[in-house]
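Each remark here refers to the structure printed beneath this line.
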Amino acid sequence: MATNNYVKLDAGFFLNPKIAPLQHAAIAAYLCSICCAKLANQDGEFQLKQILVLTDVTRDDVQPLFDYGFWEHSNIPGVAVVHDFLDWNLSRSEQEKRAESSRKNGAFGGRPTNKPTPVIDPENPEQKPTPKPTQVIDTETDPGYLPQNRPRLSTPKPTPLTDPETDPLTVKERKKEIGTPPAPPEGGGHTTTKKTKKTNFPENFQITPAHQTYAQQAGIDITLALNLFEDWAISGGKTYVDWGRAFSNALRDWLPDKVRRVQANQTGQTSPRTARIRDTYTAIDNTSNPYMQIPF
């Protein structure tokens with residue numbers, strides 16, 4: 001069944017003077033809390049730990065949201081409430097009422113058919129029912145008549161160029177008179193282009209100067225990047241038409257982060273994001289509550 005997992009957000013949100021004192025981290029956490037409160041379906045309540053992890057912020061970053069009244073504290077530990085959430089969104093009880101109303105309306109079978117409903121005489125039930133007279137609609141004067149319900153007019157057949165009664169030539173004789181069209185010249189006519197097929201990772205793949213430039217801009221080792229890219233391509237069975245361009249796109253997109261993670265694991269270091277998330281989980285009390293948990 002389809003769900004209405006959307007929230008209302010004013011188009012002038014970022015023009016509101018109340019947003020001016022907030023930092024970007026607090027704004028991102030506030031928008032994330034609205035979405036999570038909608039998913040939790042608890043009338044604006046959300047799990048604070050979930051927001052800190054999703055937006056990669058600390059408790060000090062979101063403290064202005066409590067100070068300026070965007071968030072409110074709840075009686076449940078680790079749970080906060082979005083201020084005025086129910087002024088712009090439906091409550092849980094209202095959503096349940098609408099869902100129940102939709103289920104009841106669907107039980108009637110949808111739209112009524114255009115067939116007339118038969119009338120049964122209660123005094124003589126064995127008699128065949130007589131259909132109700134259908135209402136006659138004047139399509140010229142009735143403003144509620146829809147154009148798509150108008151009867152379609154049959155398209156007249158095209159008039160032949162020659163009259164078969166007066167034309168002495170038959171179809172076969174006319175073809176002989178006109179003759180067959182000449183064949184296209186050799187080497188001409190319609191030509192088809194052959195599509196280039198996708199191939200697996202080539203064994204003789206060469207690093208180009210452009211690849212070295214991308215690696216230098218990202219500050220990574222080109223040899224280690226190529227080894228990781230080759231393992232990714234072979235293990236996943238990837239196929240591309242142009243492997244050089246695919247390697248260039250990877251160097252500009254996801255490959256630098258993967259190279260840094262591998263280098264950090266080799267040296268025993270931990271990335272700042274991983275350490276911050278680990279500290280957040282340690283600092284916040286992991287109490288059980290009825291709100292959803294998002295796996296990472």
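Screening region 68-103 for residues that are more than 22 Å from K49 (Cα to Cα) and polar (S, T, N, Q) and picking the one that is surrounded by the most Cβ atoms within 10 Å (Cβ to Cβ) gives N89. For Y6, the test of being of a type in the set (F, W, Y) and under 25 Å from the mean Cα position of the chain (by Cα) is passed. Per the listing K194, K176, K238, K172, the residue uniquely part of a loop (DSSP other than H, G, I, E, B) and modelled with pLDDT under 90 is K194. On the stretch given as region 68-103, residues that are in a loop (DSSP other than H, G, I, E, B), hydrophobic (A, V, I, L, M, F, W, C) and more than 16 Å from L39 (Cα to Cα) total 2. For region 199-222, the tally of residues that are assigned to a helix (DSSP H, G or I) and surrounded by fewer than 12 Cβ atoms within 10 Å (Cβ to Cβ) stands at 3. When the residues of region 1-43 are filtered to those that are among the small types (G, A, S) and buried (at least 16 other Cβ atoms within 10 Å of the Cβ), the one that is farthest from E94 (Cα to Cα) is A25.
Pairs linking a residue in region 86-111 that is basic (K, R) to a residue that is at pLDDT 75 or above and assigned to a loop (DSSP other than H, G, I, E, B), with Cβ atoms under 7 Å and 6 or more positions apart or on different chains, are R92/N41; R92/Q42; R92/D43.
The values are calculated or read from the model by the stated rules, or taken from the named source; none is laboratory data. Predicted model, so just to flag it, every value in this text is computed and none were measured. Quick reminder, even Gly has a Cβ in these numbers, built from the backbone with ideal geometry, and neighbours come from all protein chains shown.
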